[in-house]
Amino acid sequence: MSIELILYLATLALHAAFVSYVVVGSAYVLARRDALAEQVRDRLPFMLGAAITAGVAPLLFVQLLHQRRFYTANLLLGPRWMAVVPALIVGFYALYAAKKLARRWPLAIALPCFLFVAYSWSELHELMQADPGWAAFYAAGDRVFVAATIAPRLAVLLPAMASGFATIAAWSAAAEDRRRLAVLAVLGRVVSAGGAVWLHAVGFAVSGSALAWLGALAAAVVVEIAAWAWVRARPRGPGLTLATGAGSGALLAAVVVREAPRLAVLEPERPLGEGWLAFALALVLGGVAIGWVVKTVYSSDRLTS
Ligand code: HEM
């Protein structure tokens with residue numbers, strides 16, 4: 001496994017955690033009026049910022065790993081693909097409006113924007129691998145790629161996000177809210193498992209060592225469900241720590257399983273050449289810039305406290 005692939009998988013898992021909070025958190029705030037919903041509403045703008053920032057690293061790695069496929073799919077979708085940018089901008093401002101006005105209704109604008117972005121990533125993911133159809137797609141001037149696998153992919157991913165949201169939200173939630181989040185997390189896992197059966201039926205399959213990862217994913221989900229049952233029975237007990245550990249393991253195993261069918265079409269590795277110098281320089285400059293930001297934040301904190 002190349003270092004780019006490992007970093008791609010790790011950073012994609014981080015992106016998925018934040019995205020889960022944003023998508024399911026927006027739905028939760030729309031659906032409920034309680035103290036937890038208010039807390040989530042106020043955290044959503046920050047979490048979207050974190051989700052987008054955490055998306056940059058896997059975006060860079062996926063271009064290294066699947067250069068030709070990624071750029072071709074981008075070009076084929078063209079303006080249709082670029083529509084994710086205004087959708088994110090509208091979603092971002094809607095989250096801020098919800099927080100500033102202390103109202104829920106802007107989330108009715110934000111949520112469809114985020115679902116559109118999620119759909120678009122799945123569409124692009126499938127188009128990247130549909131190379132036999134690229135020429136006909138281009139010749140027909142199509143801008144929307146239709147594949148039988150897109151809906152079941154979302155049927156796996158969106159409910160699984162419920163468990164990610166529940167895990168992050170539960171840490172700062174009151175005991176009664178933790179009980180409700182436990183139910184949401186388990187329901188999400190069950191519906192997502194149904195989605196996985198559908199996805200398999202339309203052709204998603206893994207083999208070889210990826211089967212071991214699939215086994216690890218299933219085992220982690222079973223432990224996670226048991227841990228959520230424990231949280232429901234004893235919301236302040238150690239169940240949440242176990243659910244978080246098992247859920248994180250399930251997320252890591254899931255990103256590996258998701259990637260498995262694409263491993264056969266990875267770009268051949270290129271020698272780094274003189275590129276290492278630019279990389280090392282960027283690493284040092286990036287480290288210094290981050291250190292400077294952290295120092296500035298800490299010193300301004302001291303001034304205001
Ligand atoms: C609220 C906004 C977003 C949502 C809801 C979202 C959702 C998703 C989903 C559902 C997937 C998995 C698609 C699949 O496997 O079928 C995905 C993958 C991905 N996302 Fe995001 N995403 C968001 C924003 C972003 C942004 C802004 C970036 C980049 C800066 C990004 C980078 C990525 C990358 C690189 C992948 C992997 C693509 C691949 O491997 O084919 N995402 N995202």
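Please compute the modelled spin-label separation between Ala174 and Leu59, points set 7 Å along Cα→Cβ, answer in nm with one decimal.
According to this spin-label approximation, the distance is 3.9 nm.
If you stretched the chain out fully between Tyr298 and Trp105, how much longer would it get, using 0.36 nm times the residue separation minus the C-alpha to C-alpha distance?
65.9 nm
Assuming 1.002 mPa s and 20 °C, estimate D for the range 79-160 with Stokes-Einstein, Rh taken as the Kirkwood radius over Cα pairs, in µm²/s.
Taking Rh from Cα pairs, D becomes 150 µm²/s.
What is the packing order of peptides 131-139, 161-169, 182-190, taking the mean over residues of other C-beta atoms within 10 Å and listing the highest first?
Peptide ranking by packing, descending: 161-169, 182-190, 131-139.
By how many nm would the segment from Tyr71 to Ala193 lengthen if fully extended, with 0.36 nm per residue of separation less the alpha-carbon distance?
Using 0.36 nm per residue and subtracting the Cα-Cα distance, I get 40.7 nm.
May I ask for the distance between the Cα centers of the range 232-250 and the range 10-68, given as a whole number of Å?
21 Å
Determine ³J(HN,Hα), in whole Hz, for all residues of the range 39-49 in sequence, where each value follows from phi through the Karplus function 6.51 cos²θ - 1.76 cosθ + 1.60 and θ = phi - 60°; x replaces Gly and Pro.
Listing the rounded values in order: 5, 5, 3, 6, 8, 4, x, 4, 5, 5, x Hz.
Give me Leu124, Leu101 sorted ascending by neighbouring Cβ count inside 10 Å, so fewest comes first.
By the 10 Å Cβ count, ascending: Leu101, Leu124.
Using only the C-alpha atoms of the chain, find the volume of their convex hull and express it per residue in Å³.
That works out to 159 Å³ per residue.
With each label point set 7 Å from Cα along the Cα-Cβ vector, what nm distance links Leu263 and Ala148?
Going by the 7 Å Cα→Cβ label model, 2.6 nm.
Based on the alpha-carbon gyration tensor of the range 187-228 and its eigenvalue square roots a ≥ b ≥ c, which shape applies: rounded if a/c is under 1.5, prolate if not and a/b is larger than b/c, or oblate?
Note, shape of the range 187-228 comes out oblate.
How much length, in nm to one decimal, is gained on full extension between Val183 and Arg236, taken as 0.36 nm per residue of separation minus their Cα-Cα distance?
Going from the current span to full extension adds 17.5 nm.
Between Glu38 and Ala97, what is the label-point separation in nm under the 7 Å Cα-to-beta-carbon projection?
Result for the modelled spin labels: 2.2 nm.
Once the Cβ-Cβ distance between Ala212 and Ala278 is put in as r, and R0 is 30 Å, what FRET efficiency do you end up with, to the nearest 0.05?
Approximately 0.20, to the nearest 0.05.
Readers should treat all values here as calculations from the given coordinates under stated rules, not as data from a laboratory. Everything numeric in this text was worked out from a predicted model, so none of it was measured. Because the Cβ atoms are built from the backbone with ideal geometry, glycine has one as well, and the counts that use them run over all protein chains shown.
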